Amino acid sequence: MQTPDQSNPASRLSQLRSAMRAQHIDACIVPSADPHLSEYLPARWQGREWLSGFTGSVGTLVVTQDFAGVWTDGRYWEQAETELAGSGIVLKKIPSGASVLYIDWLGETMQPGQTVAVDGTVLGLSNARLLQQALGAQVTLRTDTDLLQAVWPQRPAMPAAPVVEHAAAYPALSRIEKLAVLRAGMAAHGASHHVISTLDDIAWLFNVRGADVSYNPVFLAHALVGPERATLFVADGKLPAILRATLESQGVDVAAYERTAAALGELPAGATLLLDPRRITFGTRQAVPESVPVVEAINPTTLAKSRKTASEAAHVRATMEQDGAALCEFFSWLDSTLADPQRAPLTEIGVDEHLTACRARRAHFVSPSFGTIAGFNAHGAIMHYHANAGSEATIEGDGLLLIDSGGQYLGGTTDITRVVPVGTITAEHKRDFTLVLRSIIALSRAQFPRGVKSPMLDAIARAPLWAEGIDFGHGTGHGVGFFLNVHEGPQSISQSAMPEPQTAMEIGMITSIEPGIYRPGQWGIRIENLVLNVPAVPAGTTQFGEFLRFETLTLCPIDTRCVERSLLRDDEAAWLNDYHATVRARLAPHLAGDALAWLEQRTGAI
């Protein structure tokens, strides 16, 4: 029998449609998800990308016999239009705050008696409920089939990277202490057991790390915590014998990854299970017997790990000095390279490679924290652009180079965006840059009540842009982990996020501030720092309650060559000068030679 051609999205979709007809399926949903609802997916679950050719990290593919569409948000519209061109797949644009429009489309399109299929093991429980409601009783929802298995003959295997201890010097609490705190949280909800599937929660709880997911030091596992012992469900061979023995001696049993559903089905009589409907899949929820009472609430670990301790914050500050020094070495090299008329051509990919090499020379560096975005001129206007061989831009002529990058270190996770001038830049470039600078300054200087819902802070950053009739299509800030995921909840400074109780701003949270201006086909500007929630000075408490402020953690000059000084108020210029004085004082001891000279030049007062 001849092997079907699967060399392009059209042929792959043809095979999928054949499999759908064979199983009497009218519509198939392929989400960007794995059994842990991860943001960055192991290759095995990148089926949406494999089928469609769209490589953005967020998107949902829906296929019927006469339609195929990818729903994605504004960060990826330009990218998706390019990657989906000629595939027969329609780009369906999701406006800000409307993440499940594909569900609405299915509810309006499907007819009584038809069947919609989706792999329940990767469908979020919350979305499953919305889907069931939208389809109603007359449309069948099948969640027991994985059509990718039928059409993806060379589907990647489960990742097999080993699990390692997070060095004891870094976690503030031992796993025994973290389990005790978690059980107290469970008890507060009246629960005896708690199932966890999100990988960063599991890595944090057990003080272990892995390499199963690109950029995030996590590993595939589920966990079930009971009143006295916990079980870690992980593939055989991933845990070194000594780590496995240590876990078991500390009350953590180890079981096969595939045993998770069976263990949930065997919960003891009288058990009450706590689960987070936003962090668990429909398939996992289905494994819980109807006889077991279920309490739905946010994972206590999600709240706990977002609030870095004083010792963790100290490690992050030290990490920022290493990261900032690496960036100074890189930008010093970049300036000298661009100024050399005899140099070899420098591409966006070359920028990425050299920056990563600079970080790799720094103490305790592990890996990048996400794929570097190095976008020159028009590529900078693509919010989540990633350079590929053959389509990357050469850094030459005039314009702006946007570089969004980060590192994973044993002592913390970094994420920073800077924009630098290439050749001669225009007054329009400087105006946009200065407006974005005013935006990051506005939020960086904010003081706010402790417990304020993080989405409510979004407008502070946007106000200087809104005043000029400008906006941007992504959130202003996301939480950041401690040698964990570069995108971490529950806080989110975003106009599309709901101001729910779990989004409250608390002491110790690390969040990005990253406003931007994007002019399609021309340039993009984003300036990003990470900040830490700390008590407001002097006391933080007034008759109106306790107030917090942001401590800027990121240490790297903001390129004043792009600043139009006349557009800055004096207090804004003072903030920038104070920030640069801090950057110079903190980074100078880690630098020498050309990099130190570059730092001193770029941190001069304006």
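The values are calculated or read from the model by the stated rules, or taken from the named source; none is laboratory data. Keep in mind that what you see is a predicted model, and the values were worked out from it rather than measured. Backbone-built Cβ (ideal geometry, glycine too); neighbour counts: all protein chains shown. Note: areas computed on protein heavy atoms with side chains; ligands, DNA, RNA excluded. Shrake-Rupley method; radii C 1.70, N 1.55, O 1.52, S 1.80 Å.
Summary table
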{"quantity": "Segment ALA339-GLU177, extension gain: residue separation times 0.36 nm, minus the distance between their alpha carbons", "calculated": "52.9 nm"}
{"quantity": "Residue-wise HN-Hα coupling along the stretch 450-465, computed from phi with Karplus coefficients 6.51, -1.76, 1.60 (Hz; x: Gly, Pro)", "calculated": "4, x, 4, 6, 4, x, 5, 7, 4, 5, 4, 6, 7, 3, x, 7"}
{"quantity": "Distance violations [Cα-Cα > 27 Å] among LYS430/LYS453; LYS93/LYS308; LYS308/LYS453", "calculated": "LYS430/LYS453; LYS93/LYS308"}
{"quantity": "Computed log₁₀ I(q)/I(0) - Debye formula, equal Cα scatterers, no solvent, the stretch 28-152, q 0.13, 0.14, 0.21, 0.23 Å⁻¹", "calculated": "-0.49, -0.57, -1.37, -1.62"}
{"quantity": "The stretch 545-594, Rg to Rh (Cα coordinates; Rh as Kirkwood inverse mean 1/r)", "calculated": "1.07"}
{"quantity": "Listed residues TRP598, TRP466 arranged by accessible area, highest first, probe 1.4 Å", "calculated": "TRP466, TRP598"}
{"quantity": "Accessible surface of the stretch 229-348, 1.4 Å probe, proportion on carbon and sulfur as whole %", "calculated": "53"}
{"quantity": "Approximate shape of the stretch 134-239 as ellipsoid semi-axes (Cα gyration tensor, √5λ), whole Å, largest first", "calculated": "31, 23, 11"}
{"quantity": "Relative contact order, percent, the stretch 311-451 [alpha-carbon distance under 8 Å, six or more residues apart]", "calculated": "23"}
{"quantity": "Distance-filtered residues of the stretch 557-573 - backbone nitrogen under 15 Å, label point 7 angstrom along ALA605 Cα→Cβ", "calculated": "570-573"}
{"quantity": "Within the accessible area of the stretch 397-486 (1.4 Å probe), percent carbon and sulfur", "calculated": "52"}
{"quantity": "ALA150-ALA574 pseudo-label distance in nm [points 7 Å out on the Cα-to-Cβ vector]", "calculated": "6.9"}
{"quantity": "Normalised convex hull volume, the chain, alpha-carbon set, Å³ per residue", "calculated": "173"}
{"quantity": "Relative contact order, percent, the chain [alpha-carbon distance under 8 Å, six or more residues apart]", "calculated": "11"}
{"quantity": "For the stretch 170-180, 3J(HN,Hα) per residue [Karplus equation, 6.51 cos²θ - 1.76 cosθ + 1.60, θ = phi - 60°, Hz, x = Gly/Pro]", "calculated": "9, x, 6, 10, 6, 5, 5, 5, 5, 5, 5"}
{"quantity": "In Hz, Karplus ³J(HN,Hα) per residue of the stretch 292-307 (6.51, -1.76, 1.60; θ = phi - 60°; x = Gly, Pro)", "calculated": "8, x, 10, 10, 9, 6, 4, 4, x, 5, 4, 5, 5, 6, 6, 9"}
{"quantity": "Percent RCO, i.e. relative contact order, over the stretch 48-139, from Cα pairs under 8 Å lying at least 6 residues apart", "calculated": "22"}
{"quantity": "Computed lengthening from SER291 to HIS24, 0.36 nm per intervening residue step minus Cα-Cα distance", "calculated": "92.8 nm"}
{"quantity": "Segments 204-213, 152-161 sorted - mean Cβ within 10 Å per residue, highest first", "calculated": "204-213, 152-161"}
{"quantity": "Distant-in-sequence amide H partners of VAL366 (H built 1.01 Å from N, under 5 Å)", "calculated": "GLN408, TYR409, LEU410"}
{"quantity": "Amide proton proximity set for ALA68, modelled H, under 5 Å, gap of 5+", "calculated": "VAL90"}
{"quantity": "FRET efficiency estimate (nearest 0.05) - Cβ-Cβ, THR309 to LEU130, R0 41 angstrom", "calculated": "0.65"}
{"quantity": "Accessible area in square angstrom per residue, the stretch 76-234, 1.4 angstrom probe", "calculated": "42"}
